[in-house]
1. Given axes a ≥ b ≥ c from the Cα gyration tensor, I'd like to know whether segment 51-122 is rounded (a/c under 1.5), prolate (a/b larger than b/c) or oblate.
2. May I ask you to list the aspartates and glutamates whose Cα is less than 18 Å away from that of LYS84, ignoring any residue fewer than eight positions away on the same chain?
3. Under the rule of at least 5 residues apart or a separate chain, name every residue whose amide H is placed under 5 Å from the amide H of ILE39.
4. In vacuo Debye scattering of segment 1-50, one point per C-alpha: log10 I(q)/I(0) at q = 0.21, 0.26 Å⁻¹?
5. Name the long-range amide H neighbours of TYR86: under 5 Å, sequence gap of 5 or more, or other chain; modelled H, no Pro or chain starts.
6. Could you compute Rg(Cα) / (2.2 N^0.38 Å) for the chain, with N its residue count?
Amino acid sequence: MNNNSFTICYFSDASASLTNEDINSLFDQVNNFNNSHHINGILLFGMGKFFQVLEGDETIVKDLFTDRILNDARHSNIFTVIEKAYDEPIFKNYSSQFNTYKEPEDLTNILSYLRQNRTNSTHNKLERLLSPFGIPLGAK
Ligand SMILES: Cc1cc2nc3c(=O)[nH]c(=O)nc-3n(C[C@H](O)[C@H](O)[C@H](O)COP(=O)(O)O)c2cc1C
């Protein structure tokens, strides 16, 4: 097991000027980098919002998030909900999906990830933030 595994999960508002073409090329870029750097997780886009989970080597994930994602003009109002070390990854491969999750497995992974990391203080906010993606967080 990798002892330096780290996860970050956030929501953000997509820039209003992004076209479908921009979103598609962003997703290609994300898949290429993450798959070649053993970063797992998911990126969703829906109703003008992004939801992303990153799992991987601590240095790679933190550098990617801090140096690139946080400074990317394609989104704003980045709200980090989870940022911590983990023992077992939930996501085995990187998948970035357009609009909403596509496979039942994606939903299962997202729900397990959120349940594993959920605290009372984030629960209500998470439920609201997840609504654009059609992800039912379920009972507390
Ligand atoms: C919502 C969002 C999520 C992103 N997620 C990733 C990601 O997981 N991996 C990645 O390599 N780039 C991601 N990017 C793109 C990076 O911010 C950055 O553009 C890319 O890493 C290329 O950086 P560079 O232009 O400094 O080479 C994301 C951008 C946005 C807007």
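We did not get these values from a lab; they are worked out from the coordinates using the rules stated. Because the structure is a prediction, the values reported are computed rather than measured.
1. It is rounded, given that a/c, with a ≥ b ≥ c, falls under 1.5.
2. GLU55, ASP57, GLU58, ASP63, ASP67
3. So ILE39 has HN proximity to no qualifying residue.
4. One equal scatterer on each Cα of segment 1-50 leads to -0.86, -1.12.
5. Counting only residues 5 or more places away or on other chains, the set is SER5, PHE6, THR7.
6. So the Cα radius of gyration is 0.98 times the expected 2.2 N^0.38 Å.
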